[in-house]
1. Please indicate, with yes or no, whether at least one residue in segment 175-182 is in contact with a helix residue (DSSP H, G or I) (Cβ under 8 Å, 6 or more places away or on another chain) and surrounded by fewer than 15 Cβ atoms within 10 Å (Cβ to Cβ).
2. Of the residues that sit in segment 248-263 and are among the aliphatic types (A, V, I, L, M) and closer than 22 Å to THR222 by Cα, which one is surrounded by the most Cβ atoms within 10 Å (Cβ to Cβ)?
3. Do we find that ILE122 is away from ligand 2 (no atom under 14 Å from the Cβ), touching a Leu at 6+ places or on another chain (Cβ under 6 Å) and part of a strand (DSSP E or B) in this structure?
4. For PHE195, all conditions in the list (1) within 16 Å of ligand 2 (Cβ to nearest atom); (2) under 21 Å from the mean Cα position of the chain (by Cα) hold save one; what is the number of the exception?
5. Within 14 Å of ligand 2 (Cβ to nearest atom) and either in contact (Cβ under 8 Å) with a residue 24 or more places away in the chain or buried (at least 20 other Cβ atoms within 10 Å of the Cβ) (or both) - does that describe any residue in segment 64-87?
6. Has segment 36-53 got any residue that is away from ligand 2 (no atom under 16 Å from the Cβ), in a helix (DSSP H, G or I) and in contact (Cβ under 8 Å) with a residue 24 or more places away in the chain?
7. Please state which of the following conditions LEU113 fails to meet, knowing it meets all the rest: (1) assigned to a helix (DSSP H, G or I); (2) within 16 Å of ligand 1 (Cβ to nearest atom); (3) crowded, with 21+ Cβ neighbours inside 10 Å.
8. Out of the residues in segment 1-15 that are surrounded by fewer than 19 Cβ atoms within 10 Å (Cβ to Cβ) and within 17 Å of the chain's Cα centre (by Cα), state the one that is farthest from LYS300 (Cα to Cα).
Amino acid sequence: MKRDFIDLSSLSAAEGHALLSLASWLKSDVKNRLEHPYLRGKTLAMLFQKPSLRTRLTFEAGMAQLGGHAIYLGPNEIGIGERESVKDVARNLSRWVDLIMIRTFAHDTCVELAREASVPVINGLTDLLHPCQLLADLLTLKEHHGDFTRLRIAFVGDGFNLANSWIEAAELFGLDLRVGSPSGYEPDRSFVQRFKRSKILISNDPKEAVSGADAVYTDTWTSMGQEREAAKRRREFRGFQVNRELMKHAKPGALVMHCLPAHRGEEITDEMLDGPSSVVLDQAENRLHVQKAIMLWLLKPEVLERWPDGAAARR
Ligand code: CP
Ligand code: NVA
């Protein structure tokens, strides 16, 4: 049966750890200028209904580094669900390409695409989740801290796709997660209730959320598709900015994290985004490596199964 990468909840913790190890190994190959063309002859279709810098670039470059090819389809091109049904798009694409990545609004569109496609589908962000970003974030924490499962993570800001993916990650790896959001912008209660095992604190007090954190994460207050609410959100999120004052409540030296793009001066100050504790560019870089691991896992699962017996997986 084919697998997809739609959310973190469908992974086991062992698979999550193996994907991160595979990503680290692919990263070291890139640093050592070693080629790894495991996906030679394979084609990825990338469907974007929203803008992107990191996701588009890292999937396209990643596929090229693996010896394959990526095709970009922008918001005005295929009209998924409008010009043509999701099901028809899925079934056509499955005849031509080996893998599909989609960035869209409704999470159900991504789920339906995966259900109707006979090739694997990757979630490149929906309004509900951003699992590729989370894997890159976890790889970044692993690089800086080793065993990231013992860390306390504070997510400060909108209880939207990134916060939800952090909740999934907390459940998967047993993280101590504290979410600080203004009243009315907390993660959806019915979503949170799905996760029974993890220790998740949800607070309307950003200082409480950040207290004792090893890493403080934020995301834009106005996500793609919410632009008309920008002024209202700027007012209602006041007090939730990641700045020098708020960071005093975290552990000394706590990492500053952001998925980017940042709205500088809104959810985060320049000083924090560009400061010595910021790892935002590591997070962005790691998108490349984790997504290559995801594509390999979906198309050549034997590579992951043999990992971490790296030598066997390698040649
Ligand atoms: N973090 C992220 O997904 O960036 P893009 O929106 O630029 O792809
Ligand atoms: N929450 C943001 C994340 C961007 C990577 C958005 O959906 O626009």
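1. Quick first cut of segment 175-182, residues in contact with a helix residue (DSSP H, G or I) (Cβ under 8 Å, 6 or more places away or on another chain) only: 175-182.
Remaining after also requiring surrounded by fewer than 15 Cβ atoms within 10 Å (Cβ to Cβ): none.
No - not one qualifying residue is present in segment 175-182.
2. Within segment 248-263, the subset among the aliphatic types (A, V, I, L, M) is 250, 254-257, 260, 262.
Add one more test, that the residue is closer than 22 Å to THR222 by Cα, and what stays is 256-257, 260, 262.
Values: VAL256: 23, MET257: 27, LEU260: 16, ALA262: 19.
Result: MET257.
3. Details: away from ligand 2 (no atom under 14 Å from the Cβ): yes; touching a Leu at 6+ places or on another chain (Cβ under 6 Å): no; part of a strand (DSSP E or B): yes.
In short, no.
4. Status for PHE195: all satisfied but (1).
5. Going residue by residue through segment 64-87, those that are within 14 Å of ligand 2 (Cβ to nearest atom) are 75.
Still in the running and either in contact (Cβ under 8 Å) with a residue 24 or more places away in the chain or buried (at least 20 other Cβ atoms within 10 Å of the Cβ) (or both): 75.
Within segment 64-87, one or more residues are within 14 Å of ligand 2 (Cβ to nearest atom) and either in contact (Cβ under 8 Å) with a residue 24 or more places away in the chain or buried (at least 20 other Cβ atoms within 10 Å of the Cβ) (or both).
6. There is no residue in segment 36-53 that is away from ligand 2 (no atom under 16 Å from the Cβ), in a helix (DSSP H, G or I) and in contact (Cβ under 8 Å) with a residue 24 or more places away in the chain.
7. (2) is the only condition that LEU113 fails.
8. First, pick out the residues of segment 1-15 that are surrounded by fewer than 19 Cβ atoms within 10 Å (Cβ to Cβ): 1-3, 9-10, 12-15.
Next, only the ones that are within 17 Å of the chain's Cα centre (by Cα) stay: 9-10, 12-13, 15.
Working: SER9: 21, SER10: 18, SER12: 18, ALA13: 20, GLU15: 14 Å.
Filtering segment 1-15 for residues that are surrounded by fewer than 19 Cβ atoms within 10 Å (Cβ to Cβ) and within 17 Å of the chain's Cα centre (by Cα), the one farthest from LYS300 (Cα to Cα) comes out as SER9.
Where a number appears in this text, it was derived from the coordinates with a stated rule and is not lab data. All figures in this text were calculated on a predicted structure; none of them were measured in a lab. FYI the Cβ positions are ideal-geometry reconstructions off the backbone, even for glycines, and counts take in every protein chain you see.
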